[in-house]
Structures are given as C-alpha cells and as structure tokens.
Amino acid sequence: MQIKRLRSHLLWLAVFLASAAGWWALERALLIPDMPDVQVIKTAEFAYADSPDNSTVTPPATGWAVVALPDNWSVTKPKSSGIGFYRIQFKRSDLNSKSNAIFIKRVSEAAELYLNGHRISSAAQFKGEVTYGWNHAIYATLPDAWLAPENEIVIKMYAHPEYNGGVGVVRIGSEEALSAVNQKISNLHVDANEDCAVLLFAFGIVLLAFAYAIRNVDKALFIKLLLLGFATILWAIRTLDSVLYQLPMDWRVWGWLVHSQMGWVLLLLTIFYFRLINKKNKKHELFLTVFVCFSALLLALYLGGVISLDLMTAVWAPMNVYMGAVLIITSIKTIVRSHESELQIVSLAMIFFVLAELRDFIITGNVVELFDTTYFSSYASLTFIFSAAWLLVRRFGEAYRQMISMNTELENRITLKQKELEVNFKLLEDSRRTQIQTAERSRLLADMHDGFGSELVTCARALRMGKTPNIKAAEMVEDCLLQMQLIVDSASASAEDVSTLLAAYRRRIDGRLADAHIKLHWQVEDLSATIITSSTRRLHLMRWVQEAVQNAVKHSHCQNLVIKAELIDGDASQNKLKISIQDDGKRNDAKQRAIDFGISSLRTRSEYLRGGFNFISDESGTLLILICGVN
C-alpha cells in the first residue's frame with residue numbers, strides 16, 4: 001500500500017513538473033526578443049478624431065499628445081470610445097534592411113495603418129460593432145516605393161468603452177525577422193486558441209451526446225457529463241469570440257461573453273468538481289444557484305443599459321476569486337489525500353486551469369497592466385477538460401465491466417438454481433405422479449369394492465338362494481359391467497373430452513334401451529374441445545349420467561328418453577357444461593320414492609362436481625339438469 005501511494009505521488013509530481021515546464025515554455029515562446037534590425041517603439045503621439053464618421057475621418061491638425069506604448073484606453077482614457085489616431089515618425093536611414101515591415105502584437109478593436117498617407121493594412125471591420133479584432137496582432141510590409149527620408153506611420157483605430165481598446169508596442173524593421181515573429185505570435189496567440197476552441201466545442205457536443213446515451217444507466221455520471229459538457233461548450237464560445245474575424249455582434253452581448261462567461265464556466269466546474277470527488281455540498285450548490293439567479297438579473301439590467309460593464313465585472317470578480325480559491329484548495333486536498341492517480345492528475349489540471357483563468361481575468365480587468373500578453377486559459381482548459389472526461393469515461397468503463405462481471409456471475413447462479421429447480425421439479429413431478437397413481441389405484445379398488453363389486457356379491461348371493469329371476473340377475477350383471485366400463489373409460493387418456501365419454505356411454509346403453517322399448521333422443525353438441533383432465537371428475541360426471549338414465553329406465557316406464565349436453569354462457573374456454581336427462585314416464589307413489597332415492601345420490605355427485613343441480617317431476621315426466629364447470 002505504501003509503495004502504491006508513493007508511486008501515485010511520484011506520478012502527479014511528474015505531471016506537475018511537466019505542466020509547469022509547459023507553462024514556462026509557452027511564456028518563453030511568446031516573448032519577442034530584441035533583434036538588431038528591428039526598432040522597438042514605445043512612444044507615440046495620440047489624438048482623438050474630430051468626426052464620428054468612421055469612413056471619412058482624417059487625422060486632426062491639433063490636439064496631439066505623447067503617450068507611452070502599450071496604451072490601454074481602459075487605464076489611460078477610462079470611458080473613452082470612438083476613433084483615435086497614433087502617429088509615429090521615423091527616418092529611412094534608421095532601417096538597415098532592404099525589405100521592411102511593421103508589427104504590432106495587439107491592436108484593439110479595429111485598426112488601419114497608413115504609411116505617408118498610403119493605407120498599408122486594415123485589421124477587422126472598421127465600423128461600430130465589436131468585430132473580434134480584439135487582442136489581435138497586425139502586420140504589414142512597408143513598400144520601399146512609399147518610403148521617404150522622413151516617414152510617418154498613422155494608426156487609425158476604433159474602440160468601445162470598457163473594452164480595453166488600445167495599441168501595443170510597435171516594431172519596425174527587417175521584414176524577414178518581423179514576418180517570423182508575426183507567424184509565431186499568430187500561431188500561438190490566435191490560431192492555436194481558435195483550434196482549442198473548435199476542438200473543445202466539438203468535444204462538448206460529444207460529452208452531451210454521451211450523457212444522453214447513458215441517461216438511464218447512471219444518473220450520477222449523467223449529471224457530471226452534463227455539467228462538464230455545458231461548461232466545455234460555454235468556454236469554447238467564450239474563446240471563439242476573441243479570435244474569430246468578420247463576425248459582428250452587439251457590443252453589449254460581446255462584453256457579457258468576454259467578462260462573465262469566465263465566471264459561468266467556473267460556476268459549472270465548481271459544481272462538477274465537487275461531484276467528481278464525491279463531496280456534494282448542498283449548501284454550497286444552493287449558494288451558487290442563488291448567485292446564478294442574481295447574475296441573470298444583472299445580465300438583463302446590463303443588456304438593457306441600466307448598469308455598466310464595470311458594475312457587472314465588479315460583481316463577478318470577487319465571485320470568480322472565491323470559486324477559484326475553493327477549487328484550488330479542494331484540488332490540493334484531493335491530491336494529498338486521494339489514492340487515485342487519475343483523480344490526482346485531474347485535480348492538478350484543475351489547479352493549472354483555475355490559475356490560468358484567474359491570470360487572464362485579472363489581466364482583462366486591468367488589475368495588472370499586461371496589454372500585449374497572450375491568454376493561457378484556453379490551453380489549460382484543454383488539459384483539464386480532456387483529463388476530466390478521460391477519468392469519467394474510465395470510471396464508467398470500470399463500472400460497466402463490474403456490471404458485466406456481476407451480470408455474468410448472476411446468470412451463472414441463476415443457471416445453477418434453474419438446474420436445481422428442474423431437478424427438484426422433476427422429483428416433485430415424479431412424487432406427484434406416484435401419489436396420483438396410488439390415489440387412482442385406491443379409487444379403482446374402492447369403486448370395484450363399493451360399486452360393481454358389491455353388486456356382483458349381491459347378485460351371486462341372490463342366485464345361490466334361488467330367489468332372483470334370471471332376467472333380474474342379468475340386469476344386475478349388466479349394471480356391473482357398465483360401471484366397470486365407466487371406470488375404464490374415465491381412466492383412459494384418449495377419452496378426456498366430453499363428446500368421447502358420452503359417445504362411449506351411448507354405445508353401451510343403446511341395446512338396453514331398445515330391449516326396454518325406450519326411444520333415445522340424442523341431443524349432444526360437438527364437445528370435443530371440452531376436455532376434462534381429472535379422471536375422477538370424468539368418472540363422477542359419467543356416473544351422474546348413468547344414475548339419471550337408470551332411474552328413468554327402471555322406475556319411470558317411459559317411452560322416450562332425451563339426453564342433451566351443451567356449453568352455456570360462452571364457449572369451451574369458460575368451462576360451463578349443461579347436461580339434462582328427460583323422460584316422459586307417468587308419476588305414481590312408487591316412482592316418487594324411487595326418484596327421491598335417486599335424487600339424493602345425484603345431488604351428492606353434483607356437489608362433488610361443484611355444480612348446480614335441479615330437477616322437475618310432474619305428470620308429463622321428469623327432467624334432471626346438471627350445470628358444472630369442466631375442470
């Protein structure tokens with residue numbers, strides 16, 4: 001554990017040294033060294049324009065005063081705006097090169113260069129909108145044909161109030177040397193910033209797309225990605241507005257973008273970082289939310305012209321310092337206490353980003369006078385945002401792998417449990433099948449003993465005693481055979497539907513009814529889809545039919561017998577079966593006693609079937625009705 005922690009500290013220390021070295025190298029690269037063939041001009045004459053017309057205004061004849069360069073209007077001429085002129089004079093003999101040029105590291109916001117009355121360069125659009133020439137260098141060659149022994153360069157520039165308008169140090173001399181300087185400064189000062197902004201904007205879109213993709217997978221990561229994605233896009237827009245040419249925008253909106261977006265980005269990143277290190281502070285987030293609402297009110301007042309840019313900046317400045325201090329202190333604590341190397345690297349990148357952003361903020365706010373400097377926060381933001389996104393994706397990957405591993409383990413456990421359940425279910429089915437077979441044997445034995453078995457014993461005893469006629473004995477034997485056939489039919493798996501059961505019963509009673517001179521009226525619907533799965537239930541149903549038919553044959557002396565079976569109140573899926581037995585026998589006292597005896601047995605079987613039973617008996621005959629569920 002100690003070795004691992006030491007390795008972690010060495011890693012972030014190496015990253016810290018590499019980042020510091022990169023910062024120092026960037027600072028050195030942006031320095032413009034002294035060159036023997038180049039004059040560095042740090043003073044000029046300045047005068048305001050006499051006319052507000054940007055297209056026709058010419059240098060005034062009077063009102064010129066010497067100023068030091070760089071000249072930041074927000075410091076030397078607070079609240080000033082409009083057209084101004086800088087005049088620089090030099091001799092041709094002071095130039096040592098055949099080809100010469102002029103280079104100014106920063107001209108803000110728009111400018112034109114004139115050599116002895118000839119326009120040699122124009123930076124951005126020279127009109128009233130903020131045109132994003134802000135913080136750009138200007139470079140132009142000095143045509144030899146327009147040079148004279150005594151020369152004058154006039155810089156015509158335009159600036160808004162409160163926008164750090166002005167002119168930087170002027171360099172005149174070797175075209176070769178200044179062209180190389182201009183290329184280097186343009187690459188680092190402008191082009192690289194723009195490339196970072198475009199890259200961050202695209203990366204912010206990717207973060208938001210990724211957040212949308214996992215919105216239902218990980219809510220915490222979803223919120224973190226949203227915060228980082230919006231902060232990235234907002235920062236990219238803030239950087240782009242400083243480097244894009246030819247894109248006019250209302251100066252109040254541009255001022256809000258430049259001066260407040262830094263604060264909005266810090267606000268989003270503060271909430272993001274606290275969630276990243278799992279130290280969500282509700283009171284802190286509530287305070288930031290209140291400040292957001294207050295800032296939105298300030299923005300509306302500023303865009304409406306009620307308050308000045310200075311007031312809005314004065315509100316954001318202490319808030320930026322507060323959030324920056326919180327982030328730096330928290331990041332240092334995280335680096336010292338955390339055992340996660342990746343989080344330490346992200347925290348270190350956060351420190352550099354906040355320091356770079358605070359540096360740029362105090363330069364923009366003229367807390368320190370570095371008019372010609374280059375802003376570093378774009379480069380630092382790239383490092384922090386990429387490292388933070390990498391950490392989030394890595395955490396998501398680890399969580400996803402753990403989830404896959406847990407799912408695999410869970411599936412294996414479920415598979416084992418399923419196999420155990422299948423084995424247990426098979427044992428249970430075997431046990432239940434054995435119980436059913438045993439119960440069926442017991443039922444068959446009971447039916448044989450209590451049913452046709454007892455009747456056969458009675459028949460045999462009566463025959464030995466010689467008191468029973470042969471016809472009566474034959475009937476008793478036939479009843480026994482019929483009961484045995486019912487038992488066999490009910491136990492048969494091929495006779496589970498009602499139609500098959502009733503058809504088999506009809507074949508066995510047709511002859512007996514014909515001997516008794518009884519005409520059978522068979523009114524049975526197609527009930528082949530009506531399946532009775534229980535053999536015991538099939539037996540009770542058919543015994544109910546048998547007893548009802550026997551009562552009619554033995555006691556009613558009827559001539560017609562109607563057997564009717566149908567489904568009622570729906571189809572077979574509703575399992576409502578109605579069976580009715582009707583005869584046209586004449587009623588007498590003996591018949592009534594027999595009916596009473598038979599009715600009791602039929603009602604008992606109806607109750608077992610959990611069905612409804614009803615009968616009607618009068619002079620025209622007897623009707624027995626059974627309504628029951630199939631299963």
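The values are calculated or read from the model by the stated rules, or taken from the named source; none is laboratory data. Everything numeric in this text was worked out from a predicted model, so none of it was measured. Note: ideal-geometry Cβ built from the backbone for every residue, glycine included; neighbour counts use all protein chains shown. For the accessible areas, the whole protein counts, side chains as well, though only heavy atoms, and no ligand, DNA or RNA atoms are used. Shrake-Rupley method; radii C 1.70, N 1.55, O 1.52, S 1.80 Å.
Of all residues in segment 475-523, which are modelled with pLDDT of 80 or more, touching a Leu at 6+ places or on another chain (Cβ under 8 Å) and open to solvent by 40 Å² or more (accessible area, probe 1.4 Å)?
Correct list: R506, D510, K519, H521.
Okay, residues lined up against (1) modelled with pLDDT of 80 or more; (2) assigned to a helix (DSSP H, G or I); (3) open to solvent by less than 40 Å² (accessible area, probe 1.4 Å):
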{"site": "D526", "(1), (2), (3)": "yes, no, no"}
{"site": "A529", "(1), (2), (3)": "no, no, no"}
{"site": "L539", "(1), (2), (3)": "no, yes, yes"}
{"site": "H555", "(1), (2), (3)": "no, yes, no"}
{"site": "I595", "(1), (2), (3)": "no, yes, yes"}
{"site": "R605", "(1), (2), (3)": "yes, yes, no"}
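The rows are residues; the columns are (1) of a type in the set (K, R); (2) out of contact with any helix residue (DSSP H, G or I) (no Cβ under 7 Å at 6 or more places or on another chain); (3) within 27 Å of L221 (Cα to Cα).
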site: F352; (1), (2), (3): no, no, yes
site: S387; (1), (2), (3): no, no, yes
site: R401; (1), (2), (3): yes, yes, yes
site: L410; (1), (2), (3): no, yes, yes
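Starting from residues that are of a type in the set (S, T, N, Q) and in a strand (DSSP E or B), keep the ones in segment 138-171 and report whichever is surrounded by the fewest Cβ atoms within 10 Å (Cβ to Cβ). Spell out the reasoning first.
Residues of segment 138-171 of a type in the set (S, T, N, Q): 141, 151, 164.
Checking the rest, the ones that are also in a strand (DSSP E or B) come to 141, 151.
On the way: T141: 15, N151: 18.
Going through the qualifying residues, I end up with T141.
Being exposed (fewer than 11 other Cβ atoms within 10 Å of the Cβ), at pLDDT below 85 and closer than 27 Å to S174 by Cβ is the requirement here; does R28 meet it? Step through it out loud before you land on a result.
Working: exposed (fewer than 11 other Cβ atoms within 10 Å of the Cβ): yes; at pLDDT below 85: yes; closer than 27 Å to S174 by Cβ: yes.
When the stated conditions are applied, R28 passes them.
Considering only segment 403-423, I want to know if a residue exists there that is of a type outside the set (F, W, Y) and modelled with pLDDT under 80.
Within segment 403-423, the first condition is being of a type outside the set (F, W, Y), and the residues that meet it are 403-423.
Narrowing further to those that are modelled with pLDDT under 80: none.
No, there is no match, as no residue in segment 403-423 is of a type outside the set (F, W, Y) and modelled with pLDDT under 80.
Please determine, by comparing only the residues of segment 178-210 that are under 40 Å from the mean Cα position of the chain (by Cα), surrounded by 21 or more Cβ atoms within 10 Å (Cβ to Cβ) and modelled with pLDDT of 90 or more, which one is nearest to T239 (Cα to Cα).
G204
Any idea which residue in segment 220-242 is modelled with the lowest pLDDT, counting only those that are of a type in the set (G, A, S) and open to solvent by less than 50 Å² (accessible area, probe 1.4 Å)? I'd like the intermediate steps shown before the answer.
Looking only at segment 220-242, we keep the residues that are of a type in the set (G, A, S), and these are 220, 229, 231, 236, 242.
Filter once more, so that each one left must be open to solvent by less than 50 Å² (accessible area, probe 1.4 Å): 229, 231, 236, 242.
Values: G229: 92, A231: 89, A236: 84, S242: 51.
Checked segment 220-242; the qualifying residue modelled with the lowest pLDDT is S242.
Conditions: (1) open to solvent by 50 Å² or more (accessible area, probe 1.4 Å); (2) out of contact with any Lys or Arg (no Cβ under 8 Å at 6 or more places or on another chain). S174 meets all but one. Number of the miss?
Only one criterion is unmet by S174, namely (1).
Among the residues of segment 66-122, which ones are open to solvent by 50 Å² or more (accessible area, probe 1.4 Å), part of a strand (DSSP E or B) and of a type in the set (A, V, I, L, M, F, W, C)?
Matches in segment 66-122: V66, A68.
Would it be correct to say that I563 is buried (at least 16 other Cβ atoms within 10 Å of the Cβ), touching a His at 6+ places or on another chain (Cβ under 9 Å) and either among the β-branched types (V, I, T) or modelled with pLDDT under 85 (or both)? Can you show your working first?
Values: buried (at least 16 other Cβ atoms within 10 Å of the Cβ): yes; touching a His at 6+ places or on another chain (Cβ under 9 Å): yes; either among the β-branched types (V, I, T) or modelled with pLDDT under 85 (or both): yes.
In short, yes.
Would you pick out the residues in segment 306-316 that are modelled with pLDDT of 75 or more and either open to solvent by less than 40 Å² (accessible area, probe 1.4 Å) or over 21 Å from T364 (Cβ atoms) (or both)?
V306, I307, V315, W316
Taking segment 374-388 as the search range and keeping residues that are of a type in the set (G, A, S) and surrounded by 24 or more Cβ atoms within 10 Å (Cβ to Cβ), which one is nearest to the chain's Cα centre (by Cα)?
Let us first name the residues in segment 374-388 that are of a type in the set (G, A, S), namely 377-378, 380-381, 387-388.
In the following step, the residues that additionally are surrounded by 24 or more Cβ atoms within 10 Å (Cβ to Cβ) were identified as 377-378, 380-381, 388.
On the way: S377: 32, S378: 30, A380: 30, S381: 27, A388: 20 Å.
Taking the candidates together, the pick is A388.
Conditions first: (1) assigned to a loop (DSSP other than H, G, I, E, B); (2) over 28 Å from E398 (Cα atoms); (3) in contact (Cβ under 8 Å) with a residue 60 or more places away in the chain. D310 passes all but one, so which condition is the exception?
(1)
Considering only residues of segment 100-116 that are polar (S, T, N, Q) and more than 21 Å from S74 (Cβ to Cβ), which is nearest to the chain's Cα centre (by Cα)?
Pass one, segment 100-116, residues polar (S, T, N, Q): 100, 108, 116.
If we keep only those that are more than 21 Å from S74 (Cβ to Cβ) too, we end up with 100, 116.
Numbers: N100: 61, N116: 65 Å.
Here the answer is N100.
Out of all the residues in segment 515-541, which are without any contact (Cβ under 8 Å) to a residue 40 or more places away in the chain and among the hydrophobic types (A, V, I, L, M, F, W, C)? Working first, answer last.
Kept after step one, since they are without any contact (Cβ under 8 Å) to a residue 40 or more places away in the chain, are these residues of segment 515-541: 515-516, 526, 528.
Residue satisfying the conditions is A516 alone.
Take the conditions open to solvent by 30 Å² or more (accessible area, probe 1.4 Å), farther than 29 Å from H189 by Cα and either more than 37 Å from the chain's Cα centre (by Cα) or at pLDDT 85 or above (or both) and apply them to V367. Does it pass?
no
When only residues in segment 394-409 that are of a type in the set (A, V, I, L, M) and either without any contact (Cβ under 8 Å) to a residue 60 or more places away in the chain or within 15 Å of L358 (Cα to Cα) (or both) count, which is surrounded by the most Cβ atoms within 10 Å (Cβ to Cβ)?
Filtering segment 394-409 down to residues of a type in the set (A, V, I, L, M) leaves 399, 403-404, 406.
Keeping just the survivors that are either without any contact (Cβ under 8 Å) to a residue 60 or more places away in the chain or within 15 Å of L358 (Cα to Cα) (or both) gives 403-404, 406.
Working: M403: 12, I404: 10, M406: 10.
Selected residue: M403.
So, in segment 576-593, of the ones that are more than 19 Å from A503 (Cα to Cα) and at pLDDT 70 or above, which residue ends up most open to solvent (accessible area, probe 1.4 Å)? Break it down stepwise before answering.
If we filter segment 576-593 for residues that are more than 19 Å from A503 (Cα to Cα), which is where we start, we get 576, 583-593.
Applying the additional criterion that residues be at pLDDT 70 or above yields 576, 583-586.
Values: K576: 88, D583: 18, D584: 51, G585: 0, K586: 143 Å².
My answer is K586.
Looking only at segment 607-620, which residues are loosely packed, with under 14 Cβ neighbours inside 10 Å and within 14 Å of D583 (Cα to Cα)?
Step one: list which residues in segment 607-620 are loosely packed, with under 14 Cβ neighbours inside 10 Å, which gives 607, 610, 612, 614, 616, 618-620.
The answer is I616, D618, E619, S620.
For A213, only one of the following conditions fails: (1) closer than 30 Å to E285 by Cα; (2) surrounded by 21 or more Cβ atoms within 10 Å (Cβ to Cβ). What is its number?
Every listed condition holds for A213 apart from (2).
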